[in-house]
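> Provided herewith is a single structure, encoded as structure tokens, for subsequent inquiry.
Computed from the coordinates by the stated procedures, all read-outs in this text should not be read as laboratory data. All figures in this text were calculated on a predicted structure; none of them were measured in a lab. Neighbour counts run over all protein chains shown; Cβ positions are idealised from the backbone, glycine included.
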Ligand SMILES: Cc1ncc(COP(=O)(O)O)c(C=O)c1O
């Protein structure tokens, strides 16, 4: 259902997020990470936009009830999620196969713990979201890299190398990032098919982190599990409204596991540690997201695409030595600073001290990311432009 209030949404107004202790903007946190706090906060992956009006209204309504005791699971929610994926991503799954988890990172950690043993290998494809490495290490597994290849400005998976690492019997899992944070690729069906075949043939189970799936520019994203029956039997899909609807502080995450045995192993784990209770605000926000916020999502994607295009034009015209790796999805963009000739440490320092940008230096995503940086463009366009003007001066200052 479309909310008529959502006709034209204002993403241009700056909203002070420090008043609610937003992590991205917290001066103390920024000072501890970057050494100073007077920077463009462009690091944490959430948006500086208000959530949809239906979500806000649902939360206000729920708060106004005033009683926040135990609630039974709302059966409308799994159906709403399954309908969303069927409609927007052409993926049909049984709503009864959905598991709810507090966060995507919780889901990843549980899946790594359940489906591999200590010391076994987990394949990741750097440069990639750094928490994958943290989870693998924290669980006593071994990080196995299948680095992406950058070919004529486009990142590709290295299938030949993947075949070799997947063939090692001790490598039991692969964590896929689809779409890929930080390089912005939305993997094609052909790429996913190839990955799925290699993994299935070698007994490597795939944990597909698809948290960024709703935000794409151009062709939509294909959930790995929608590619083939073989792919769906050999993967656990982690999804969430956190990125799409800007609900990191309120929403849950979800897992779909089509294989019955693995699904019950995972469900058993969540029950064992009692990580299966709902939160009244989470339920209200998620239902409003998946049933009443589609117009908002389409509009935010349009605004983000406008930011990507503005950034691309700005760089081409005014800072041609910094190149945008064109994103196919996500509100995180990957900038190529290699032409500046700075090493990883120098680039990190340049971004903070000279350009005033609190972004994510590329080496945080693995040494394969050195020379690049990730920035978050989910902010009012003029905020991004002000920061780009500072970057222009800083690059000019390098001589
Ligand atoms: C690929 C990816 N997975 C997981 C997360 C974190 O998700 P959650 O906050 O639900 O744990 C992020 C956040 O940036 C992400 O980019």
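> Taking segment 250-274 as the region of interest, how many residues are within 13 Å of the ligand (Cβ to nearest atom) and touching a residue at least 60 places away in the same chain (Cβ under 8 Å)? Please lay out each step first, then the result.
Applying the first criterion (within 13 Å of the ligand (Cβ to nearest atom)) to segment 250-274 yields 250-255.
Filter once more, keeping what is touching a residue at least 60 places away in the same chain (Cβ under 8 Å): 250, 252-255.
The total comes to 5.
> Could I ask something else about it? What is the residue count in segment 329-381 for residues that are surrounded by fewer than 21 Cβ atoms within 10 Å (Cβ to Cβ) and under 16 Å from the mean Cα position of the chain (by Cα)?
Residues that pass the stated criteria total 1.
> Continuing with the same structure: Please work out which one of (1) more than 19 Å from residue 158 (Cα to Cα); (2) over 18 Å from the mean Cα position of the chain (by Cα) is the condition residue 198 fails and give its number.
Of (1) more than 19 Å from residue 158 (Cα to Cα); (2) over 18 Å from the mean Cα position of the chain (by Cα), only one is false for residue 198: (1).
Residue-by-condition table, conditions (1) within 15 Å of the ligand (Cβ to nearest atom); (2) in contact (Cβ under 8 Å) with a residue 24 or more places away in the chain; (3) not in a loop (DSSP other than H, G, I, E, B):
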site	(1), (2), (3)
191	no, yes, yes
194	no, yes, yes
197	no, yes, yes
203	no, yes, no
213	yes, yes, no
218	no, yes, no
225	no, yes, yes
231	no, yes, yes
236	yes, yes, yes
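> Of the residues in segment 107-152, how many are within 16 Å of the ligand (Cβ to nearest atom) and in a loop (DSSP other than H, G, I, E, B)?
Residues in segment 107-152 being within 16 Å of the ligand (Cβ to nearest atom) and in a loop (DSSP other than H, G, I, E, B): 8 in total.
> State which residue is surrounded by the most Cβ atoms within 10 Å (Cβ to Cβ) when the search covers only segment 158-177 and only residues that are more than 20 Å from residue 360 (Cα to Cα) and within 16 Å of the ligand (Cβ to nearest atom).
Taking segment 158-177 as the starting set, the residues that turn out to be more than 20 Å from residue 360 (Cα to Cα) are 158-176.
Right, trim to within 16 Å of the ligand (Cβ to nearest atom) and you get 173-176.
Working: 173: 23, 174: 27, 175: 24, 176: 25.
Ranking the candidates gives 174 first.
> Counting only residues that are more than 20 Å from residue 397 (Cα to Cα) and more than 16 Å from the ligand (Cβ to nearest atom), how many does segment 322-346 have?
At the first step, the residues of segment 322-346 found to be more than 20 Å from residue 397 (Cα to Cα) are 324-334.
Among the residues that remain, those that are also more than 16 Å from the ligand (Cβ to nearest atom) are: 324-326.
Matching residues across segment 322-346 total 3.
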